[in-house]
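Visitor: First the structure, then my questions, so here it is.
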Amino acid sequence: MNKIRDYYSTVVNNTLIDNNIYLLEMFLPGFNGMAEPGQFVMIKVNETYDPFLRRPYSILECSKEKMKFLIKIVGKGSKMIAHKKMNDKFNILGPLGVGFRVNSNRYPVLVAGGMGIAPLWFLAKRLNSQKKKFSIIYGERSASPLGDKIKKTFKKKVLLVTDDGSRGLKSTATGALSAFLDNITYKKIVLFSCGPPGMLKEITNFGIKRKIPVSISLEERMGCGIGVCLGCSVKRKNTDGFLTVCKDGPVFRAEEVSI
Ligand SMILES: Cc1cc2nc3c(=O)[nH]c(=O)nc-3n(C[C@H](O)[C@H](O)[C@H](O)COP(=O)(O)OP(=O)(O)OC[C@H]3O[C@@H](n4cnc5c(N)ncnc54)[C@H](O)[C@@H]3O)c2cc1C
Ligand code: FES
């Protein structure tokens, strides 16, 4: 069972892997190693409550008493987390939320844009460990060490595309998807996606048009991370009411939410 706990955790490794992006490895005493791809944690930035709110991060990889995260510096909280040193300690609440549900009859195509790779990396690792076949389309603005790391890790399963053509095809991830699907033999596909809102919208519309099921992982600003403050609410699709990204998601079937 995935047990939600607040783990007093220790940094065991922190490496700069790209401009402003760190690979942070944490030791979580008592963590049983169980989490689903797409789940996330709330990281308490420091003990002084400045910044006050915890910050949400996707689980990149996990094992017994270990978790890894990709941390991109975008503001005060992420900068403080990214600059943690070996043996620094802070609290990690998790694993939280609903992750990806994999339909084993269909061929999974994982479509990621930029930092949207984090939850899909975990999904790809899980599919690899289950010896399942899948593909990743990874789109970024231009060639980057992160793109190289994804290619090195998942090898031929990855199609790299860049907006400026500096690595792989010159295309957006969504642009590459259509041609990619036309050239594979699998007829039953399922799409899993995470990335900028514009990209998720395009993937959703693509899935509707082609009658392909799509699951998307959403990123919203979060307060509590456990469904209490309603700060991360998103509108339901085709019906009244809201869903919370932290408790009902962050992964949703595309037909569930209005984006
Ligand atoms: C479920 C989930 C999983 C996430 N996984 C990762 C991950 O694996 N790696 C990673 O680097 N980031 C991830 N994020 C985004 C990360 O939580 C934010 O970058 C972080 O909270 C920013 O904190 P800050 O104090 O540095 O930025 P702030 O100073 O609070 O804001 C700086 C800028 O970042 C934007 N921002 C802040 N929070 C978010 C957010 N939640 N989503 C989108 N934009 C935001 C603000 O609008 C602002 O423009 C995830 C977010 C969610 C909701
Ligand atoms: S962050 Fe509080 S309800 Fe989602």
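Visitor: Would you confirm, using the coordinates I've provided, whether F242 is within 21 Å of K133 (Cα to Cα) and either surrounded by 16 or more Cβ atoms within 10 Å (Cβ to Cβ) or in the same structural domain as K157 (by TED's automatic domain parsing) (or both)? It would help to see each step written out before you state the result.
Guide: On the way: within 21 Å of K133 (Cα to Cα): no; either surrounded by 16 or more Cβ atoms within 10 Å (Cβ to Cβ) or in the same structural domain as K157 (by TED's automatic domain parsing) (or both): yes.
So F242 fails the test.
Visitor: Can you confirm whether G198 is out of contact with any Asp or Glu (no Cβ under 9 Å at 6 or more places or on another chain) and more than 15 Å from P108 (Cα to Cα)?
Guide: Numbers: out of contact with any Asp or Glu (no Cβ under 9 Å at 6 or more places or on another chain): yes; more than 15 Å from P108 (Cα to Cα): yes.
Against the criterion (out of contact with any Asp or Glu (no Cβ under 9 Å at 6 or more places or on another chain) and more than 15 Å from P108 (Cα to Cα)), G198 qualifies.
Visitor: Confirm whether I43 is surrounded by 14 or more Cβ atoms within 10 Å (Cβ to Cβ) and either touching a Phe, Trp or Tyr at 6+ places or on another chain (Cβ under 7 Å) or not assigned by TED's automatic domain parsing to the domain that holds K68 (or both).
Guide: Working: surrounded by 14 or more Cβ atoms within 10 Å (Cβ to Cβ): yes; either touching a Phe, Trp or Tyr at 6+ places or on another chain (Cβ under 7 Å) or not assigned by TED's automatic domain parsing to the domain that holds K68 (or both): yes.
Criteria met by I43.
Visitor: When you check L110 against the structure, is it outside any helix (DSSP H, G or I), touching a Leu at 6+ places or on another chain (Cβ under 7 Å), touching a residue at least 40 places away in the same chain (Cβ under 8 Å) and buried (at least 21 other Cβ atoms within 10 Å of the Cβ), yes or no? Walk me through it before giving the result.
Guide: On the way: outside any helix (DSSP H, G or I): yes; touching a Leu at 6+ places or on another chain (Cβ under 7 Å): yes; touching a residue at least 40 places away in the same chain (Cβ under 8 Å): yes; buried (at least 21 other Cβ atoms within 10 Å of the Cβ): yes.
Judged against the criteria, L110 is a match.
Visitor: Now for a different question. Among (1) under 20 Å from M115 (Cβ atoms); (2) within 16 Å of ligand 2 (Cβ to nearest atom), where does P196 come up short?
Guide: (2)
Visitor: Another question, then. Counting just the residues of the range 94-113 that are touching a strand residue (DSSP E or B) at 6+ places or on another chain (Cβ under 6 Å) and farther than 19 Å from A254 by Cβ, which one comes out farthest from ligand 1 (Cβ to nearest atom)?
Guide: G94
Visitor: Answer with yes or no whether C194 is within 16 Å of ligand 1 (Cβ to nearest atom) and out of contact with any strand residue (DSSP E or B) (no Cβ under 8 Å at 6 or more places or on another chain).
Guide: On the way: within 16 Å of ligand 1 (Cβ to nearest atom): yes; out of contact with any strand residue (DSSP E or B) (no Cβ under 8 Å at 6 or more places or on another chain): no.
For C194, the condition - within 16 Å of ligand 1 (Cβ to nearest atom) and out of contact with any strand residue (DSSP E or B) (no Cβ under 8 Å at 6 or more places or on another chain) - is not met.
Visitor: Go through the range 60-93 and give me each residue that's near ligand 1 (Cβ under 8 Å from one of its atoms) and closer than 22 Å to K125 by Cα.
Guide: L60, F69, L70, I71, K72
Visitor: Are any of the residues in the range 67-85 assigned by TED's automatic domain parsing to the domain that holds K157, of a type outside the set (F, W, Y) and closer than 22 Å to G223 by Cβ? Even if it seems obvious, please write down each step before you answer.
Guide: Filtering the range 67-85 down to residues assigned by TED's automatic domain parsing to the domain that holds K157 leaves none.
Checked against the condition, which is being assigned by TED's automatic domain parsing to the domain that holds K157, of a type outside the set (F, W, Y) and closer than 22 Å to G223 by Cβ, the range 67-85 yields no hits at all.
Visitor: Do we find that V234 is surrounded by fewer than 21 Cβ atoms within 10 Å (Cβ to Cβ) and more than 17 Å from the chain's Cα centre (by Cα) in this structure?
Guide: Details: surrounded by fewer than 21 Cβ atoms within 10 Å (Cβ to Cβ): yes; more than 17 Å from the chain's Cα centre (by Cα): yes.
Against the criterion (surrounded by fewer than 21 Cβ atoms within 10 Å (Cβ to Cβ) and more than 17 Å from the chain's Cα centre (by Cα)), V234 qualifies.
Visitor: A follow-up question, please. Name the one entry in A254, A176 that is modelled with pLDDT under 95, surrounded by 20 or more Cβ atoms within 10 Å (Cβ to Cβ) and closer than 29 Å to M42 by Cβ. Walk me through it before giving the result.
Guide: On the way: A176 fails: closer than 29 Å to M42 by Cβ.
Checking each option against the conditions leaves just A254.
The values are calculated or read from the model by the stated rules, or taken from the named source; none is laboratory data. These numbers were taken from a predicted model, which means no experiment stands behind them. Don't worry about glycine lacking a Cβ; one is built from the backbone with ideal geometry, like all the others, and counts go over all protein chains shown.
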